[in-house]
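Some notes on the structure that comes next.
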Amino acid sequence: MTVPRQPTSPDESFRPPEGRRHMILRRWLTAIIIVLLVGIPAGYLVISAEQSRDSGRDKAAESSARGLRDSWPSQMKRRIFEVPIPPKSSKVAYFETSNWKTSRLYVQFRTTSEGLDLFLEEVGTSRSELMYGQVAIGAKDARTVGWEFTSEKIWAGTSHPGTRPRPSQDITVDMTDSTRPRVYVVSRTTP
C-alpha cells in the first residue's frame with residue numbers, strides 16, 4: 001500500500017538557503033546589538049564608579065581639612081545649619097566639625113550693610129539684637145578656626161538659640177567698616 005503524497009503544511013514553508021551577504025549582515029547586526037546591550041551599561045558603571053570615587057576624595061579632603069576653606073559651603077550645609085550667606089558676599093570661608101554629640105559649621109564672609117540686615121533677618125534676629133562691644137563666639141570656637149577678636153576692631157555680637165532640632169548660632173560682626181561688615185558665625189546642631 002502506498003500513501004499518497006500530502007501537501008506541505010503552511011508551517012513547513014520552503015526557505016531558500018541564506019545568502020552570504022544576508023548572513024554577514026545578520027552577524028554584524030547581532031554583534032552591534034550585543035555591544036550595545038553590554039557596552040552601554042558597562043560604560044555607565046565605569047563613569048558612575050569614577051564619579052563616586054571623585055566624590056569620596058572630595059569628602060575625604062574636606063573632612064581632613066584643618067581650618068577654614070576659602071569657598072562657599074554647599075547649599076545643603078547652609079540649609080542644615082541655617083546660615084544664609086547673602087548674595088554678592090565676598091571672602092567666604094567655612095569649616096565643619098562633627099562628632100557624636102554636636103556638629104558645628106564655622107562661616108565667615110564680608111557683605112554689605114544691606115546684606116548684613118538680610119542675613120540677620122533670615123537667621124531670625126535683627127541688627128537691634130547686636131550688642132556692641134560683645135563677641136558672641138567663645139574662645140574655644142575661635143581657636144578652632146584661628147579667629148582672633150582683637151580690641152582694635154569694633155565688634156557686635158548676638159546669640160540666636162534654636163529649638164531642637166533647629167541649630168543655634170553665635171554671630172559676631174566686625175563693624176569697623178560699617179558699609180562692608182565682616183560676619184563670623186558658629187552654627188551648632190545636635191542630632
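For segment 93-124, the tally of residues that are open to solvent by 20 Å² or more (accessible area, probe 1.4 Å) and closer than 20 Å to I154 by Cα stands at 6. Scanning segment 162-175 for residues that are modelled with pLDDT of 90 or more and among the hydroxyl-bearing types (S, T, Y) yields a count of 2.
Restricting S90, S113, S98, S126 to those that are among the small types (G, A, S) and more than 19 Å from M175 (Cβ to Cβ) reduces the list to S98.
Yes or no, residue by residue, for (1) more than 17 Å from V107 (Cβ to Cβ); (2) at pLDDT below 90:
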| residue | (1), (2) |
| --- | --- |
| F119 | no, no |
| G133 | yes, yes |
| T150 | yes, yes |
| K153 | yes, no |
| G157 | no, no |
| H160 | no, yes |
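In this entry, S90 is excluded by the filter for residues that are among the hydroxyl-bearing types (S, T, Y) and open to solvent by 60 Å² or more (accessible area, probe 1.4 Å). Note on segment 125-144: among residues that are free of Cβ contacts under 8 Å to residues at least 12 places away in the same chain and assigned to a helix (DSSP H, G or I), the one that is least open to solvent (accessible area, probe 1.4 Å) is A142. What's the total number of residues in segment 145-188 that are within 23 Å of the chain's Cα centre (by Cα), surrounded by fewer than 19 Cβ atoms within 10 Å (Cβ to Cβ) and outside any loop (DSSP other than H, G, I, E, B)? Of the residues in that region, 2 qualify.
The values are calculated or read from the model by the stated rules, or taken from the named source; none is laboratory data. Since the structure is predicted, the reported quantities are computational estimates derived from the model, not experimental observations. Here Cβ is always computed from backbone atoms with ideal geometry, including for glycine, and neighbour counts include all displayed protein chains. Keep in mind that these areas ignore ligands, DNA and RNA; they rest on the heavy atoms of the full protein, side chains included. Shrake-Rupley method; radii C 1.70, N 1.55, O 1.52, S 1.80 Å.
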